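For reference, the structure discussed in these notes is given below.
The values are calculated or read from the model by the stated rules, or taken from the named source; none is laboratory data. This structure is a prediction, so every number in the text was calculated from the model and none was measured. Glycine also receives a Cβ, built like all others from the backbone with ideal geometry; neighbour counts cover every protein chain displayed.
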Amino acid sequence: MCRNITTLRGLEPAATAAEIEAAARQYVRKVSGVQSPSAATTPAMERAIARVSEATGELLAALPPRRQPPRNLPPSRRRPVAATR
């Protein structure tokens, strides 16, 4: 369902709060079907993002370390495309 959400478990250094929030934001947008929140939907979306972020942080802290790092890095850790050319 959420193919674009990258794996955060096993990153070195560990996933930051910003990376966890970005993944939570993608998830909430996907399941709600709301890409651009309006004034009416923003409070509910922000509450959901906060709850998903908190649950994700707890999950990552409780899981054992990965044996191999994830295949893809979160967007914030990727080099810009122009820099790779």
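For region 49-58, does any single residue satisfy the condition of being loosely packed, with under 13 Cβ neighbours inside 10 Å, of a type outside the set (S, T, N, Q) and over 12 Å from the mean Cα position of the chain (by Cα)? Scanning region 49-58, I find at least one residue that is loosely packed, with under 13 Cβ neighbours inside 10 Å, of a type outside the set (S, T, N, Q) and over 12 Å from the mean Cα position of the chain (by Cα), so the answer is yes. Taken over region 19-46, the criterion of being of a type outside the set (A, V, I, L, M, F, W, C), assigned to a helix (DSSP H, G or I) and farther than 20 Å from T6 by Cα is satisfied by T42, P43, E46.
Against the definition (exposed (fewer than 11 other Cβ atoms within 10 Å of the Cβ), under 16 Å from L8 (Cβ atoms), in contact (Cβ under 8 Å) with a residue 24 or more places away in the chain and not aliphatic (A, V, I, L, M)), how does R77 come out, yes or no? Answer is no for this residue.
Restricting region 52-85 to residues that are of a type in the set (S, T, N, Q) and at pLDDT 85 or above, the residue that is farthest from V28 (Cα to Cα) is T56.
For region 58-75, the tally of residues that are of a type outside the set (K, R) and in a loop (DSSP other than H, G, I, E, B) stands at 9.
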